[in-house]
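Notes to accompany the following structure.
The values are calculated or read from the model by the stated rules, or taken from the named source; none is laboratory data. Just so it is clear, the structure is predicted and the values come from calculations on it, not from any experiment. Positions of Cβ are generated from backbone atoms using ideal geometry, with glycine treated the same way; all protein chains shown enter the neighbour counts.
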Amino acid sequence: MCRYAAAAVQTDIANPVMPSDMRKNTDRILQLVDSAVIGAMPFLPVKLVVFPEFAHSAPVFEKLADLREKLAVEIPNEHTERLQAKAKEHRIFIQSGSMLEFDPRYPGHVFNTTCLIGGDGILLKYRKVNTWIPFEVHSSPHDIEGYEEELFPVAKTENGNIGCAICYD
């Protein structure tokens, strides 16, 4: 394993209130990936680019039903596919920043989810465990009876083991 840089990108992106706004955020995220990779070229190769909580969407609605109807997406989706293409282009891994996720296996729940994405697709999906009540009305996986997925998944990559966390998890 050779030395590499990880780029932590802070964003100034508007909170979306509809799906088309999320596309605009993904456009900007892809531009920032290019900037991070190209900007570090004289130093170390960037092999990991990470984005913050709510990079794609934030809980701007007070009711879970509104979040589900207006902003929640299933994963994978058009945003993760575009990030996968960018990861493949640069031969890197991208931690997507979080988006509000609906999973049909858990009806009635919306998760604050981030993904680790490589050129071959999603390596892991991490759902925020410690939601900030009362602001975040989405679910924590540890509160769901019968939730059987790994709470803290780790992906084994050629750059080492990589896990994700959101906010104060």
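Quick rundown of the values:
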read-out: Residue 69 being part of a loop (DSSP other than H, G, I, E, B), of a type in the set (Asp, Glu), more than 22 Å from residue 155 (Cα to Cα) and over 15 Å from the mean Cα position of the chain (by Cα); value: no
read-out: Scope the stretch 22-59; condition surrounded by 15 or more Cβ atoms within 10 Å (Cβ to Cβ) and of a type in the set (Val, Ile, Thr); matching residues; value: 26, 29, 33, 37, 46, 49, 50
read-out: Odd one out for residue 2, checked against (1) touching a strand residue (DSSP E or B) at 6+ places or on another chain (Cβ under 7 Å); (2) closer than 22 Å to residue 164 by Cα; (3) modelled with pLDDT under 95; (4) not charged (D, E, K, R); value: (1)
read-out: Scan of the stretch 41-98 for residues that are of a type in the set (Lys, Arg) and modelled with pLDDT of 95 or more, ordered by number; value: 47, 82, 86, 88, 91
read-out: Check on residue 121, small (Gly, Ala, Ser), loosely packed, with under 15 Cβ neighbours inside 10 Å and without any contact (Cβ under 8 Å) to a residue 24 or more places away in the chain; value: no
read-out: Residue 17 at pLDDT 95 or above, more than 17 Å from the chain's Cα centre (by Cα) and farther than 13 Å from residue 97 by Cβ; value: no
read-out: Inter-residue pairs, beta-carbon under 6 Å, first more than 25 Å from residue 14 (Cα to Cα) and in the stretch 29-49, second β-branched (Val, Ile, Thr) and outside any loop (DSSP other than H, G, I, E, B), 6+ apart; value: 40/46; 46/37
read-out: Output for the stretch 126-169, where each listed residue is over 23 Å from residue 66 (Cα atoms), charged (D, E, K, R) and part of a strand (DSSP E or B); value: 156
read-out: Hits in the stretch 78-108 - residues which are surrounded by 16 or more Cβ atoms within 10 Å (Cβ to Cβ), assigned to a loop (DSSP other than H, G, I, E, B) and either in contact with a Leu (Cβ under 8 Å, 6 or more places away or on another chain) or at positive phi (or both); value: 92, 96, 97
read-out: Cβ-Cβ under 7 Å pairs, at least 6 apart or on other chains, the stretch 125-144 side in contact (Cβ under 8 Å) with a residue 12 or more places away in the chain and surrounded by fewer than 16 Cβ atoms within 10 Å (Cβ to Cβ), far side small (Gly, Ala, Ser) and in a loop (DSSP other than H, G, I, E, B); value: 130/140
